[in-house]
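A.B. asks: Dropping the structure in here first, questions after.
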4 protein chains.
Amino acid sequence: MARPRNTESDALILAAAAEALLQDGYDGLVVDEIARSVGVAKTTVYRRWPTKNHLVVSVVAGWQGVVDVPNTGDEADDIANDLTTIAGGMCHVLDPAPIRRLVAELAAARMRDDDLGSAVDRLWSDRRAATAAVLERGIAGGALRRDLDPEVVTDELAGAVYYRVLITGGSLDDAYARALVRTVLAGAR
Amino acid sequence: MARPRNTESDALILAAAAEALLQDGYDGLVVDEIARSVGVAKTTVYRRWPTKNHLVVSVVAGWQGVVDVPNTGDEADDIANDLTTIAGGMCHVLDPAPIRRLVAELAAARMRDDDLGSAVDRLWSDRRAATAAVLERGIAGGALRRDLDPEVVTDELAGAVYYRVLITGGSLDDAYARALVRTVLAGAR
Amino acid sequence: MARPRNTESDALILAAAAEALLQDGYDGLVVDEIARSVGVAKTTVYRRWPTKNHLVVSVVAGWQGVVDVPNTGDEADDIANDLTTIAGGMCHVLDPAPIRRLVAELAAARMRDDDLGSAVDRLWSDRRAATAAVLERGIAGGALRRDLDPEVVTDELAGAVYYRVLITGGSLDDAYARALVRTVLAGAR
Amino acid sequence: MARPRNTESDALILAAAAEALLQDGYDGLVVDEIARSVGVAKTTVYRRWPTKNHLVVSVVAGWQGVVDVPNTGDEADDIANDLTTIAGGMCHVLDPAPIRRLVAELAAARMRDDDLGSAVDRLWSDRRAATAAVLERGIAGGALRRDLDPEVVTDELAGAVYYRVLITGGSLDDAYARALVRTVLAGAR
DNA sequence: AGCTAAGCGAGACGGTACGTCCAGTCTTTCG
DNA sequence: CGAAAGACTGGACGTACCGTCTCGCTTAGCT
């Protein structure tokens, strides 16, 4: 009965917001600017997303990538390989500076707002699930200790990577992924 | 030669800022209000910290406190205990929600501004150094593998904790610290 | 096409500013206070006048009001009367101390900023034009010398008044206006 | 017994203040800056002049120039010549833009503070006295009308010049001085 | 075909904080 | 005591965004 919303605008706004978020971080994303850059009125943005936070949630939700679970076999070496594949993928994806900045912004955004929080959580959950899947296969197949808590091992693996991304700024490459997986599997003792 | 800064003011400002930060979060901390509540001119605040961000970093730096390196002995069990002490301390400090929010803000701030970045880096370095010290003692005393890379193990330990703080939101307590250290030492295999 | 400015606010702001200006002088006029007293956001003031100075110019412009050209006839005496009317009006308007202060501020502001400068120029132009009009009528009607330069005579008349306002601080009243016009017309010789 | 004041500083401060006043106007003169540029502590400035205004007064007082009264004779033409000399001198001195700016600043300063006011008044009084002296000689010698009010004629002459300086921005040169004196003497009628 | 409800652009508005700038005073140490 | 250095109070300025609002125009789709 009424004039329908222009769905194209949605996409353009999201794209512009995504770029701004990547480039200038949460605070650098200015709703007014997004609207102007897309050639849309600020009202049009606010009609779709009642808040800047809501907009950011949408943007982040759109980044959801598909992570497939590597599976080269059930032997101990296969499990190690598969974990290295996952860790290497994380290193590869998270190493570039703009991505690091973004991850930091998202970590901060996660805290600001519950809606945003769960959107961000959903972002990371896939890769986390992949790791857990490999670990459980390893446990089931006997390649890993039966009493292992996959949760904790996942924290070690992913944690080390995110720690370098967010806290130390340390470099991330395949060599690091290999060393990390090796140490996690072998233990320190 | 000139009139010295009133060091008492520093402390009062930091205290007020800390309280505001914990109570109302980053955005809830208003420089003007801090100054007024302490009975100091806003300029006095800005003379010490050029930016609200810098002030917040100082506040958090004050929280970090002194981290002393635990040392209960060189046996394998002692090393494990000492690492658990460190990990437990981190869990204890970083668990409360307002602190998590702050750590996230700081991680983001670290990326935005080099000045701030190094201030934040200094924040974490102490605890990181403590962990490394214990690990090296373990290696030297034969309690840990000779070929171990302390860097990587530190990443695993601290990384897991920060990962829960920033990414998953998982809980952090002594039990977790113990489980984490156990797994790191024993390995997954 | 957009929401129109609330013209009532303009008037209220100008009124409040005028009052403050007269009561407390230029420095006593505080934009923030004006806004609050009118019940308007400070931004609303700054949207209309980019600077406190601009606001003051507007206020004064409003004081200038419409100057109509007196015209009692073409005889020599009529011209003299009309000139006296204009000069008397100027004396009347410019005599009060706060106004003198303002005129001085405006003269200074005129030099500092081109934008402001032309605004101030517009302020004075009306009365200047009125004087010139009467003079030209006098020349055309034969009451004044044919070879007279109206520009110079206007300078003499208005100049004397502003000179007293800005430089000597001399008093300004109807008697002075009459004496001035008489001398200008009769010459010194 | 006590350390004597460094009198050289006085001169340096005044010089710096004068330059700042000329270049950037009253508001552009910043006490802090003056002190720093001279290599003196702000306190040193404030010990000598309790207020920025007082400093400005001193500066202006220092500008006092000597104006001598031209006297080529008592004939009507001589009086005209002498007046033209004075008017031409004023035009010459006041025409340059920085001087115009300064005159405006002084007019404004005059209003701000009584002390400053009288200092500024003293600045102009010499030239004003010179004009009056010539006029009185003219009256006494019969070259000018006996019933002339020298005050008013001075206003006309000086006023026209200052009017162009401060209000219209009109040009000032010898030709203008001649035209002005001619019109003042001959009258408009 | 016309009515009508909603979309839309433009931009005004209230509100809140930020960081900056100066005047004038105060405090310390040195000569 | 004078001077240099610079901290301190106090107050205003102008800026930046957020989220809401008010216009007048445009555009479906129901009557």
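The values are calculated or read from the model by the stated rules, or taken from the named source; none is laboratory data. Not measured: the values here are computed from a predicted model. All Cβ positions, even for glycine, are placed from backbone atoms using ideal geometry, and neighbour counts span all protein chains on display. Only protein heavy atoms, including side chains, enter the accessible area calculation; ligands, DNA and RNA are left aside. Shrake-Rupley method; radii C 1.70, N 1.55, O 1.52, S 1.80 Å.
A.B. asks: Check B:Asp113: other-chain or 5+ apart residues with amide H under 5 Å from its amide H, H built from backbone geometry?
C.D. replies: Distant-sequence amide H within range of B:Asp113: zero hits.
A.B. asks: Also, quick follow-up: Ignoring ligands, DNA and RNA, how much accessible area is buried between chains B and A, both sides summed, with a 1.4 Å probe, to the nearest 100 Å²?
C.D. replies: Counting protein atoms only, the buried area is about 4100 Å².
A.B. asks: Counting other Cβ atoms within 10 Å, which GluC sites (Glu not before Pro) in region C:91-189 have at most 11 and lie in a DSSP loop?
C.D. replies: Qualifying residues, ordered by number: none.
A.B. asks: Let me ask another. Could you identify which residue out of D:Asp155, D:Asp68, D:Asp78 has the top mean-square fluctuation in a GNM of chain D using Cα springs shorter than 10 Å?
C.D. replies: It is D:Asp68.
A.B. asks: What's the average, rounded to a whole number, of partner chain beta-carbon atoms within 10 Å of each residue's beta-carbon in D:18-28?
C.D. replies: Partner Cβ neighbours, averaged per residue: 1.
A.B. asks: Would you mind giving the three semi-axes, in whole Å and largest first, of the ellipsoid equivalent to chain C according to its Cα gyration tensor?
C.D. replies: For chain C, the ellipsoid semi-axes come out as 37, 18, 14 Å.
A.B. asks: In whole angstrom, note down how far apart the Cα centers of region D:151-189 and region A:122-188 are.
C.D. replies: Spelled out, the Cα-based centre of one part sits 91 Å from the other.
A.B. asks: Right, here's the next one. So how strong a dipole does chain C carry about its Cα centre when Lys and Arg Cβ are +1 and Asp and Glu Cβ are -1, to the nearest 20 debye?
C.D. replies: In total the dipole reaches around 540 debye.
A.B. asks: Read phi for every residue in region B:178-185 and hand back ³J(HN,Hα) as whole Hz from Karplus 6.51 cos²θ - 1.76 cosθ + 1.60, θ = phi - 60°, with x for Gly and Pro.
C.D. replies: Result, ordered by residue: 5, 4, 4, 4, 4, 5, 4, 6 Hz.
A.B. asks: Sticking with this one: For an R0 of 45 angstrom, estimate the FRET efficiency from the Cβ-Cβ distance between B:Asp24 and D:Asn6 and round to the nearest 0.05.
C.D. replies: 0.30
A.B. asks: Here's something else I'd like to know. Can you flag which of B:Lys52/C:Lys52; B:Lys42/C:Lys42; A:Lys42/B:Lys42; B:Lys42/D:Lys52 are past 30 Å Cα-Cα?
C.D. replies: A:Lys42/B:Lys42
A.B. asks: While we're looking at this one, here's another question. As I understand it, the value is the acute angle between the Cα axis of helix C:76-94 and the longest principal axis of the Cα atoms of chain C; what does it come to in degrees, rounded to 10?
C.D. replies: With both axes taken from Cα atoms, the answer is about 30 degrees.
A.B. asks: Can you send over the solvent-accessible area of A:His54, 1.4 Å probe, protein chains only, in Å² to the nearest 10?
C.D. replies: Looks like 60 Å² after rounding.
A.B. asks: How do D:Thr154, A:Thr51 rank by accessible surface area computed with a 1.4 Å probe, from largest to smallest?
C.D. replies: Descending accessible area places them as A:Thr51, D:Thr154.
A.B. asks: Could you list log10 I(q)/I(0) for the protein assembly as shown at q = 0.06, 0.08, 0.09, 0.10 Å⁻¹, which the Debye formula gives when each Cα is one point scatterer?
C.D. replies: -0.63, -0.83, -0.92, -1.03
A.B. asks: Show me, for region C:113-128, the HN-Hα J-couplings you get by feeding each phi into the Karplus relation (A = 6.51, B = -1.76, C = 1.60, θ = phi - 60°), rounded to Hz, glycine and proline as x.
C.D. replies: Computed from phi, the couplings for region C:113-128 are 9, 4, 4, 4, x, 5, 4, 5, 4, 4, 3, 8, 4, 4, 5, 4 Hz.
A.B. asks: Then there is this: Top to bottom by accessible area (1.4 Å), largest first, where do C:Met1, D:Met111, C:Met90 land?
C.D. replies: C:Met1, D:Met111, C:Met90
A.B. asks: Per residue of chain D, what 222 nm ellipticity follows from adding -39500 (n - 2.57) for every DSSP H run with n ≥ 4, rounded to the nearest 500?
C.D. replies: -24000 deg cm²/dmol
A.B. asks: Rounded, prolate or oblate: pick one for region B:7-48, where a ≥ b ≥ c are the square roots of the eigenvalues of its C-alpha gyration tensor, a/c under 1.5 means rounded, and failing that, prolate if a/b is larger than b/c, else oblate.
C.D. replies: Judged from the Cα gyration tensor, region B:7-48 comes out prolate (a/c at least 1.5, a/b above b/c).
A.B. asks: Once you average over the residues of D:144-150, how many Cβ atoms of partner chains fall within 10 Å of each Cβ?
C.D. replies: 3
A.B. asks: Further question on the same structure: Apply the Karplus parameterisation 6.51 cos²θ - 1.76 cosθ + 1.60, with θ equal to phi minus 60°, to every residue of region D:61-71 and state each ³J(HN,Hα) to the nearest whole Hz, in sequence, with x for glycine and proline.
C.D. replies: 4, x, 7, 2, x, 8, 10, 9, 7, x, 8
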